[in-house]
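The values are calculated or read from the model by the stated rules, or taken from the named source; none is laboratory data. A quick note: this is a predicted structure, and the numbers were derived from the prediction, not measured. Because the Cβ atoms are built from the backbone with ideal geometry, glycine has one as well, and the counts that use them run over all protein chains shown.
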Amino acid sequence: MIRNPRDFYAGLLFVAFGVVALVIVQSYAIGTAARMGPGYFPRLLGILLVGGGIIQALIGLRSKSEIAVEWHWRPLLMLLIGVALFIVMTPWLGLIVATLVTSLVAMAASRDFRWQEALPVGAILGGAAAAVFVYGLGIPLPVWPWFMGR
């Protein structure tokens, strides 16, 4: 008998994603921990998803939920809008501005949203994204808007 459906079905969803990941990467070379192949991390992630999902589903079978589940549309919509804006804005406005706008939109999902806190956090996230992905990992993304030079 399922005593906590939310935990049980979340666990099943994790297991499903983990199994899909394991099926997709089965033909990739694993390598070793010192020389990881292209299938090493995805396979490890798939195994962790399956294991964590099984644990979560078992918790859903054993524990009773005391929390009433409420559905909030605003956070979901703001997060989806933020991701869509990031995809559309990055080629023209660059990684830093796109990350700043995306983080502002995502933070606006909260009822406790304050511009004084959100702007510095968004700017730091944009700078960190550029430092890690463009300068650190060498991913060819535009950092600044097209009119400022790349």
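Specify which of the listed residues (Val69, Val101) is at negative phi and modelled with pLDDT of 90 or more.
Details: Val69 fails: modelled with pLDDT of 90 or more.
Exactly one of Val69, Val101 is at negative phi and modelled with pLDDT of 90 or more, namely Val101.
For residues in the stretch 106-120 being in a loop (DSSP other than H, G, I, E, B) and touching a residue at least 12 places away in the same chain (Cβ under 8 Å), which is farthest from Met78 (Cα to Cα)? Step through it out loud before you land on a result.
Pass one, the stretch 106-120, residues in a loop (DSSP other than H, G, I, E, B): 108-114.
From the residues that got through so far, the ones that are touching a residue at least 12 places away in the same chain (Cβ under 8 Å) too are 108-110.
Details: Ala108: 7, Ala109: 6, Ser110: 9 Å.
My answer is Ser110.
Tell me whether the stretch 133-145 contains one or more residues that are under 27 Å from His72 (Cβ atoms), in a helix (DSSP H, G or I), of a type in the set (A, V, I, L, M, F, W, C) and in contact with a Leu (Cβ under 9 Å, 6 or more places away or on another chain).
Of all residues in the stretch 133-145, those under 27 Å from His72 (Cβ atoms) come to none.
No, that holds for no residue.
Taking the stated definitions as given, is Leu80 closer than 30 Å to Leu12 by Cβ, modelled with pLDDT of 90 or more and not polar (S, T, N, Q)? Give the steps one after another, and end with the answer.
Values: closer than 30 Å to Leu12 by Cβ: yes; modelled with pLDDT of 90 or more: yes; not polar (S, T, N, Q): yes.
The answer is yes for Leu80.
Residues being farther than 19 Å from Met148 by Cβ, exposed (fewer than 12 other Cβ atoms within 10 Å of the Cβ) and not β-branched (Val, Ile, Thr): count how many of those fall in the stretch 81-138.
Here the count works out to 10.
Mind listing whichever residues of the stretch 24-75 are in contact (Cβ under 8 Å) with a residue 60 or more places away in the chain, surrounded by 12 or more Cβ atoms within 10 Å (Cβ to Cβ) and more than 30 Å from Asp112 (Cα to Cα)?
Residues satisfying the conditions are Leu61, Ser63.
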